[in-house]
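Colleague: The following block contains the structure, expressed as structure tokens.
Values quoted throughout were computed directly from the atomic coordinates according to the rules given, and no laboratory measurement underlies them. Given the structure is predicted, the values throughout are model-derived calculations rather than measurements. Note: ideal-geometry Cβ built from the backbone for every residue, glycine included; neighbour counts use all protein chains shown.
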Amino acid sequence: MTVKKTVFNAKHHALGAKMVDFAGWEMPLYYGSQIEEHNMVRHDVGIFDVAHMNILDVEGKGAREFLRYLFANDIDKLKVPGAALYSCMLTETGGVVDDLICYRKTQQDYRVVVNAATHDKDVAWFRKQATKFDVKLTERTDFAMLAVQGPNAREKIKAAFTPEQIQATENLKVFYGVEVNGWWIARTGYTGEDGYEIMIPQNEALAFWDKLIAIGIKPSGLVARDSLRLEAGMSLYGSEMDEKVSPLESNLTWTVAFEPNDRNFIGRKALEDERQAGIKRKLVGLVLEEKGVPRSHQKVIVPNIGEGETTSGGFSPVLNTGIALARVPINTGERCFIVIRDKQLAARVIKPPFVRLGKKNF
């Protein structure tokens, strides 16, 4: 199968990036020091190529009704155009098809961004469920997408923005987007830092990348993106949740809108049954108190209670220690052990995120 390339592919090669196959796309793993790229975003600003993500416009008279049925969260929370919502799509049994962000574009139309690794499955799921509604689904392959993230992102990016873009984003709130001359600029991200995710017409994307590089904003790769989201306690599809795990066991209960009671959404009954039976497991953060680096799928031992498993793990540059997300028994307390290379290493149990605003959060 031919590996796909984003419009920025040649730019990554020119900068000497280590390229890998990620979900069928050739993407930059890192450009130099992974730790430096992480810290650059955490304390200043960095660019991420996220043009492999899938953008889907949902339009028509039935769009609202369709998305209220498709999503576990309720898009009626989007009171005004531009507002964004994080949600999961569920199976009838309460598992997660995918997680996504939905923007309200107009009074009637919406824009959804879903994961690259689940593109085919997601589009098929959307189209299957849409047959019952008066909606039009359009994949926006005419866009490229960049994320500019970090505490200094919003200030430094002004040197690359047009006057119209600066004015439109000056008072843009977190988790809102705005359309400016065919661009969609949203104050969202996957790093735990401020900044933008920007959908750019393909024919304007390379010039904007060059502007960002020229003003001194450097790119970061997939490794830094993953360590940043882990420190921020953000879930990764296929790790923290999938079709076999419900959001109630994935620290995502806050994304499920059980009110109003009369809204029917896919998976609702399964989640209500799960709640009534009692949640058996929960997703927590683990901070190693000994030297080591946890990875996914490692056993977690909770003395006198039971066992769990890490879902994601790695080294935290901010905390200078190993951290992990793990699914553990519901009555797990403040301490446990992670089994790494046949050794039980002591860990502290926390509620994510591990890092907030560049500093320890527990």
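Colleague: Using DSSP, restrict attention to beta bridges with both residues in region 226-362 and report what percent are antiparallel, rounded to the nearest 5.
Modeller: 95
Colleague: A follow-up question, please. Under the classification rounded if a/c is under 1.5, otherwise prolate if a/b is larger than b/c and oblate if not, where does region 138-190 fall, given a ≥ b ≥ c as square roots of the Cα gyration tensor eigenvalues?
Modeller: prolate
Colleague: Say R0 is 45 Å: what FRET efficiency, to the nearest 0.05, do ALA277 and LYS79 get from their beta-carbon distance?
Modeller: Efficiency for this residue pair is about 0.85.
Colleague: How much length, in nm to one decimal, is gained on full extension between ASP21 and GLN344, taken as 0.36 nm per residue of separation minus their Cα-Cα distance?
Modeller: So the extension gain works out to 112.9 nm.
Colleague: Going through the cross-link list LYS77/LYS280; LYS282/LYS343; LYS211/LYS291; LYS4/LYS360; LYS291/LYS359, which pairs have a Cα-Cα distance over 32 Å in this structure?
Modeller: LYS211/LYS291; LYS4/LYS360
Colleague: Before anything else, pin down the relative contact order of the chain: Cα pairs under 8 Å, at least 6 apart, normalised by residue count, whole percent.
Modeller: After rounding, I find 18 percent.
Colleague: Suppose R0 equals 45 Å. What FRET efficiency, 1/(1 + (r/R0)^6) with r the Cβ-Cβ distance, do ILE166 and ARG68 give to the nearest 0.05?
Modeller: The calculated FRET efficiency here is 0.80.
Colleague: Could I ask something else about it? State, in angstrom, two size descriptors of region 1-277 derived from its alpha carbons: Rg to one decimal place and Dmax to the nearest whole number.
Modeller: My reading of the Cα-based Rg and Dmax gives 18.6, 57 Å.
Colleague: Compute the FRET efficiency between ASN320 and THR253 as 1/(1 + (r/R0)^6), taking r as their Cβ-Cβ distance and R0 = 30 Å, and round to the nearest 0.05.
Modeller: It comes out at approximately 0.45.
Colleague: State, to one decimal in nm², a quarter of the convex hull surface area for the C-alpha atoms of region 1-112, i.e. the direction-averaged projected area.
Modeller: Its average projected convex-hull area is 10.0 nm².
Colleague: A further question follows. Tell me, rounded to the nearest percent, the portion of alpha carbon pairs in region 233-357 spaced more than 26 Å apart.
Modeller: 24
Colleague: Something else now. For SER33 paired with THR141, estimate the spin-label separation in nm (one decimal), with each label point 7 Å from Cα along the Cα-to-Cβ line.
Modeller: Each label point lies 7 Å from its Cα, and together they span 4.1 nm.
Colleague: In addition: Give the cross-link partners of LYS5 among the lysines, using a straight C-alpha distance below 16 Å as the criterion and excluding same-chain residues fewer than 8 apart.
Modeller: Cross-link targets: LYS18.
Colleague: Note down the nm distance, to one decimal, between modelled labels 7 Å out along Cα→Cβ at ASN181 and at ALA124.
Modeller: It works out to 4.1 nm between the two label points.
Colleague: While we're on this one: Simple spin-label model, 7 Å along Cα-to-Cβ: LYS132 to GLU307 in nm?
Modeller: 4.1
Colleague: Further question: Quick check on the chain: helices-only [θ] at 222 nm, where DSSP H runs of length 4 and up contribute -39,500 (n - 2.57) each and the sum goes over total residues. Nearest 500, please.
Modeller: Taking each H run of at least 4 residues, the total per residue is -6000 deg cm²/dmol.
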